[in-house]
1. Let a ≥ b ≥ c be the square roots of the eigenvalues of the Cα gyration tensor of region B:245-390; is it rounded (a/c under 1.5), or, if not, prolate (a/b larger than b/c) or oblate?
2. Per residue and in cubic angstrom, what volume does the convex hull of the Cα atoms of chain A have?
3. For the charge dipole of region A:322-453, defined by +1 on Lys and Arg C-beta atoms and -1 on Asp and Glu C-beta atoms about the Cα centroid, which residue among A:ILE340, A:TYR389, A:LEU451 has the Cα displaced farthest towards the positive pole?
4. Which whole-Hz ³J(HN,Hα) couplings does region B:498-508 yield from phi under the Karplus relation 6.51 cos²θ - 1.76 cosθ + 1.60, θ = phi - 60°, glycine and proline marked x?
5. Please report, for B:LYS335, the nm distances (one decimal) from its label point, 7 Å out from Cα along the beta-carbon direction, to the equivalent points in the remaining copies, shortest first.
6. On a 0 to 90 degree scale, rounded to 10, what angle separates helix B:35-48 from the longest Cα axis of chain B?
7. With all protein chains present and a 1.4 Å probe, how do B:PHE593, B:PHE513 order by accessible area, largest first?
8. In degrees between 0 and 90, to the nearest 10, how far off the longest principal axis of chain A does helix A:284-320 point, with axes built from Cα atoms?
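The values are calculated or read from the model by the stated rules, or taken from the named source; none is laboratory data. Being a predicted model, the structure only gives us computed values, none of them experimental. Methodologically, a virtual Cβ is constructed for each residue, glycine included, from the backbone with ideal geometry; neighbour enumeration extends over all protein chains shown. The protein model used for the area step is the full one, side chains on, heavy atoms only, and it has no ligands, DNA or RNA in it. Shrake-Rupley method; radii C 1.70, N 1.55, O 1.52, S 1.80 Å.
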There are 2 protein chains.
Amino acid sequence: MPRYDAPIRDMQFIFHDVLALQNYSNLEGFSDATPDIVDQILETGGKFASEVLFPLNKVGDAQGCKRAEDASVKTPDGFPDAYKQFVENGWPLLSKTPEMGGQGLPNALSIAISEMMSSANMAFAMYPGLTSGAYEALMAGGSDEQKQKYGPKMATGEWAGTMNLTEPQCGTDLGLIKTKAVPQEDGSYKITGQKIWISGGEQDLTDNIVHLVLARIEGAPEGIKGISLFVVPKYMVKEDGSLGERNALSCGGLEEKMGIHGNATCVMNYDGATGWLVGDEHKGMRTMFVMMNEARLGVGLQGLAQAEVAYQNAADFARERLQSRALTGPAAPDKPADPIIVHPDVRRLLMDTKSFVEGGRLFTYWTALHGDLLHKSPDEKMKEKAGDYMALMTPVVKAFLTDRGLKACNDALQLHGGTGFTREQGVEQFVRDVRIALIYEGTNGIQALDLVGRKLAANGGRAVFTFFAEMDDFIGQHEGNEEMKPFVEGLSQAKAELQDATTWLMQNGMSNFNNAGAASTDYLHLFGLTALGFMWAKMAEAALEKRGDDPFYDDKLVTGRYYMSRILPETAAHLAKLKTGAEPLMALEADRF
Amino acid sequence: MPRYDAPIRDMQFIFHDVLALQNYSNLEGFSDATPDIVDQILETGGKFASEVLFPLNKVGDAQGCKRAEDASVKTPDGFPDAYKQFVENGWPLLSKTPEMGGQGLPNALSIAISEMMSSANMAFAMYPGLTSGAYEALMAGGSDEQKQKYGPKMATGEWAGTMNLTEPQCGTDLGLIKTKAVPQEDGSYKITGQKIWISGGEQDLTDNIVHLVLARIEGAPEGIKGISLFVVPKYMVKEDGSLGERNALSCGGLEEKMGIHGNATCVMNYDGATGWLVGDEHKGMRTMFVMMNEARLGVGLQGLAQAEVAYQNAADFARERLQSRALTGPAAPDKPADPIIVHPDVRRLLMDTKSFVEGGRLFTYWTALHGDLLHKSPDEKMKEKAGDYMALMTPVVKAFLTDRGLKACNDALQLHGGTGFTREQGVEQFVRDVRIALIYEGTNGIQALDLVGRKLAANGGRAVFTFFAEMDDFIGQHEGNEEMKPFVEGLSQAKAELQDATTWLMQNGMSNFNNAGAASTDYLHLFGLTALGFMWAKMAEAALEKRGDDPFYDDKLVTGRYYMSRILPETAAHLAKLKTGAEPLMALEADRF
């Protein structure tokens, strides 16, 4: 039977040994994140994920969500009860601000809990994930009144939040939005239009749903500069905080999808629904980006999380499935055949994912820590760097971890052979569920364009040059250290290639934007591979320092060396491809495809 | 709405310009394959695939197969009628031997029709695909009586065939088979046991099903050397060819799967069923390999075929979907946005697949042509080479084309954005359907082991050295030709790397078999990339020769140059990875994964 066990030991290694949260105790909230508290949170969160959420994962896939004739939506059996426990246990409050009733712990820690929930049940975890994004957007862009009205209930998870961007004619290009907002005398707006692919647009988990909706105020400028953001609750909220009448919005249908069946993907109809402007007129995208950045880190995490659970089950299968003999002679002569984990090519499937997941985990948590530093550090220089890194790394976390996460899930399925293709076994669900993560919150191609078109160029390339300098420093510090050699050498090589690619982009991408577009995905992967190389070098440093009787640290070094020798060499192909420029891509006429 | 149009022009290019079937008119059956006849067959086959099979593809996915209480199995609506047309039109007879009523045309041509059917409806095409494999096995290993009894009806497709290998405890390792065969006085055997994952094990398409079943005769040696092959018909066949009583076998259940829902994947129970030995006692694997080789080419073709249909729909979407503006300024200023095909990164998704599919198509047809030459050439030297190539290329066709085929289907889904994740659109079905092709008929990992462990070493490496020499000859012929330069240079580089890897394997794989295992998948991909590089070089040669007013040939050259500059550079990473040897893979203890 499939299982999920939270990788607590690995998370502890990251928090205690690599990121060393304890060293930030001068920052708000960090002083409460003592190693003991961190361990306790990880243990409890892992237990909840394994025991409550994971058993509902297959149920959710098999049952899906159902829309009744009255347009209400029923989530799969067990989801409402699990959600109730989730709220009662206070999980959503972990890193929320104390002003809204939160515990104010570092977001980096909250990310670990999100990872567990996403591994255990991605479709379930999306409900609170989107609530959290909507909450952050309201905190960033909402008025004090709006924050007070919706904030505390969204912080606890008693109310949910959604993001309403997409319409049939516009996904990536939000300038094409048609949903209308008509100003009313009381300062509110009447919202009319249809939104599609709204995750959790309707459900039976929460008393209220706070929709954030992009719409165009009558007479607004064309395109993206005429888009405003509105808060549109399912039920009106009275002065005293109690729920009033039902708003004029409803779920018009559920999308049938490849995966994440447990999450209700809704067509949402707004029929003159009452909404209130969030932030300034025509500046809706600014606030929406707050929400999207938060969400993008979360989506990258989904790629990682599904890879982790797929890996665990593949490793179990590889140890248990008896089939054929080791190439070097029987390893279990007393059994009818050897466990397939004796085969190098089976181990390749496992080691590819193990080295990806552990490197990707640090990359995500490290990026999230920069988010904490951005908000909480008193040091202006540190804040600047943290903001730069958050901006630079977010598209890489989103796209690289989901592209690789899909590969990892497919590899886990592959390791299972025919069994993996059956619904019963369960691993094929991970492949179907994770697939959406390459698409939503901006397709991976859009992430790559964001990276090369916006993030690299910002402030004259300050962010990426800081990153190069940090890697150079690290390399300088460890040169000559024999045990660090494979890490330092691999990182130096990859970093040189990334720098080469960056220079190429700066020289060729500005003169012909198509060169930047043609290079974007290869550049993003070159970046991701290098960043994980840096993460592995940092982990090796920590493991060498801590190494003692605990074989955990030796395993880390083995896994890290695998990454450096068997994954990192992929950088060269990306460099060669991107340097071809746009011509090979643009040469064919559109009608000749 | 999704569509499938058979790529007839590309197939004509391969048959007329590259393989030049007309030059083999001295061989049996080839003289009937004049360009006119070939064109006519392609046209008619394409029409059948697009108009009859493709519309049933979604129906099959949505309905799946149903098993009734009496253990009969109902295929999706429309399948029986389409199958009837398929038989009546004589498609299965195309390349079957005239002795069995076939037309005796080259198998290479038959492969093109199989590709069309697999593109249009993979689940449907599997029924005749397996029949064809079973037929070939009977032709290769059966007695004259068995051939006469089953051959003609299987050749027409009136009766189906299946292969029964897998049991719950054995997939790859057929030595673990437990199904028993007990000899009877009349020379028949009573077969008892359970087989799983039997494609088309039961269905409502044909009057009879001829099961080929691997089983162990009582008292047989342990392991693979005690496995015999039996023919076990669903209905007994009387002396006069009419059907007699029902055999003691039945479908015990249908597997719920990730994809190919229209194909019935059966648990087959043999309860003392009557069967007859095919070939010699304990030598069943030899004949089964005939069947598997045939089947493996067909599976590689499925990877290609699903990539083709996914590509066609992605190209349509890219031309039609209006979203954002070209990076270099509006391309369709009169429209609200530009079609997304203006974007280099969207074109990357298309060009990757276009260059893969066209190269892979020639690779498959060229390999199939060697199969024809093996059987029909009067020239002993040619026969030897053809046999060598068939053996060497088959695992590469199977694994490389399905690995890449999955990537292509995923890329097509990705290009569709959120739409691609919906069931309604249809592209996600291609991803789910093609997924099995990486697994069945020997997982891709097993193909890689077959390549490095068996095929490379056979006859002192004769096959691979012949292949190297053929590429060297080609390179020598075209050196100095300016227009061939990108092809000659790319091929030279890739071929040198493949040769380097081959030498490394010969030096390191024999002393430690785990080195061969650890290198196997990277070696196979390096091989596949190089082989497609060679195919592209051959296509460039033909296109340059034929180039005139038809833009088809210019497009070929553009697509070929794309392959050489943006795909082929991946070889270097495979070489670097495989040269690390087994240590990085074997270092971790099994319980530390």
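1. Judged from the Cα gyration tensor, region B:245-390 comes out oblate (a/c at least 1.5, b/c at or above a/b).
2. 175 Å³
3. A:ILE340
4. Once rounded to whole Hz, the list reads 5, 5, 4, 5, 5, 4, 4, 4, 5, 7, 10.
5. Distances to the matching label points in the other copies: 5.8 nm.
6. 70 degrees
7. I get B:PHE513, B:PHE593, largest accessible area first.
8. 40 degrees
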